[in-house]
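For reference, the structure discussed in these notes is given below.
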Amino acid sequence: MDSTGNNAAKAEYEQKVPPFYYTPTFADCQLLREQWIRARYERKEFVHIDKQEPYSAGYREGLLWKRGRDNGQFLSRKFILSEREGALKYFNKHDAREPKAIMKIESLNATFQPSKIGNPNGLQITYLKDNSTRNIFVHHEDGKEIVDWFNAIRAARFHYLQVAFPGASDADLVPKLTRNYLKEGYMEKTGPKHTEGFKKRWFTMDDRRLMYFKDPLDAYARGEVFIGSEKNSYVVKPGLPPSTQGYHWQHGITIVTPDRKFLFACETEQDQVAWIAAFQKVINRPMLPQEYAVEAHFKHKP
């Protein structure tokens, strides 16, 4: 780049970047940034299309280290991603015929979480099971391997969305391939009657789904809250109602929905401000037609 200039280097080494391939920013983890550089200049993947087969072929099979749901140990598991079947599957035994889980490409998401998983190559995969979020945490010792899996998931999602939305442009589809969480961290929460003591929980804001877990690496959320739009009577306020008791952290947040109020407490004012900003960002956005169906499901949850 020093000798040829940035534009000339891009013209030479980024001739054929697939639209689904994730281009990292300075805010992304080191692994994504490093593998992007290696893919361009070392492996020249975007000059020679045949080198893109690991993530563009529509089928991928291999072994990943997966965290056990109950014991927390990472064990080697076989994974198969098939665009034809519209699913990512994993098997508890390498020679097993039946998969342990089938994750539909339609609801699949993947995001790198090195600090949370405790591994520089840690990838969090989520999917919907009975319309509730399920988490799977995986890693691979080879950085290229796990980034190839990530981009294979994005490719599968891209081709699925091309069929689902035939008139949409690449620019419309690419932001929908995978998503990072709007915010994660600890807050305290109380129950629906607001008389129970507040309990510390790990919260994840995934678009309009606010999920809470006892532990950040739990497979299933203890609960989920749908965050709609201001036009649909969703409001976020700093503080808690005056009669509230049982909280330990002093910086409260109240979320008002059409059905009830949700009360949370943050450890610091900085956390409170950041969470309110995340909630407000979602509340300010008009709801999409398909989000009304998600909202209706939340209202009818037992």
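A few notes on this one:
- Conditions (1) part of a helix (DSSP H, G or I); (2) modelled with pLDDT of 95 or more; number of the one not met by residue 12: (2)
- Subset of the stretch 257-277 that is open to solvent by 30 Å² or more (accessible area, probe 1.4 Å) and in a strand (DSSP E or B) - its residue that is nearest to residue 129 (Cα to Cα): 262
- Residue 31, sole failed condition from (1) in contact with a Pro (Cβ under 7 Å, 6 or more places away or on another chain); (2) part of a strand (DSSP E or B): (2)
- All of (1) out of contact with any Asp or Glu (no Cβ under 9 Å at 6 or more places or on another chain); (2) open to solvent by 30 Å² or more (accessible area, probe 1.4 Å) hold for residue 251 with one exception: (1).
- Those residues of the stretch 174-221 which are free of Cβ contacts under 8 Å to residues at least 60 places away in the same chain, out of contact with any Asp or Glu (no Cβ under 9 Å at 6 or more places or on another chain) and among the hydrophobic types (A, V, I, L, M, F, W, C), in sequence order: 213
- Considering 61, 53, 45, the condition of being open to solvent by less than 60 Å² (accessible area, probe 1.4 Å) and either over 30 Å from residue 183 (Cβ atoms) or not in a loop (DSSP other than H, G, I, E, B) (or both) is satisfied by 45 alone.
- Each residue in the stretch 227-252 was checked for being in a strand (DSSP E or B) and either over 23 Å from residue 180 (Cα atoms) or over 25 Å from the mean Cα position of the chain (by Cα) (or both), and 5 pass.
- Candidate set: the stretch 73-83, residues that are touching a residue at least 12 places away in the same chain (Cβ under 8 Å) and either among the acidic types (Asp, Glu) or closer than 19 Å to residue 141 by Cβ (or both); chosen: the one surrounded by the fewest Cβ atoms within 10 Å (Cβ to Cβ): 76
- Matching option when the condition is modelled with pLDDT of 95 or more, at negative phi and part of a loop (DSSP other than H, G, I, E, B), among 181, 186: 181
- Failed item in (1) outside the structural domain of residue 69 (by the TED database); (2) at pLDDT 95 or above; (3) within 19 Å of the chain's Cα centre (by Cα); (4) in a strand (DSSP E or B), with residue 224 passing the rest: (2)
- Residues in the stretch 235-248 that are among the small types (Gly, Ala, Ser) and either open to solvent by less than 20 Å² (accessible area, probe 1.4 Å) or at pLDDT 95 or above (or both): 239 alone.
- Considering residues of the stretch 191-207 that are at pLDDT below 95 and farther than 20 Å from residue 116 by Cα only, the residue surrounded by the most Cβ atoms within 10 Å (Cβ to Cβ): 194
The values are calculated or read from the model by the stated rules, or taken from the named source; none is laboratory data. Keep in mind it's a predicted model, so treat the numbers as computed, not measured. Don't worry about glycine lacking a Cβ; one is built from the backbone with ideal geometry, like all the others, and counts go over all protein chains shown. Side chains are part of the model used for accessible areas, which takes the heavy atoms of the whole protein and leaves out ligands, DNA and RNA. Shrake-Rupley method; radii C 1.70, N 1.55, O 1.52, S 1.80 Å.
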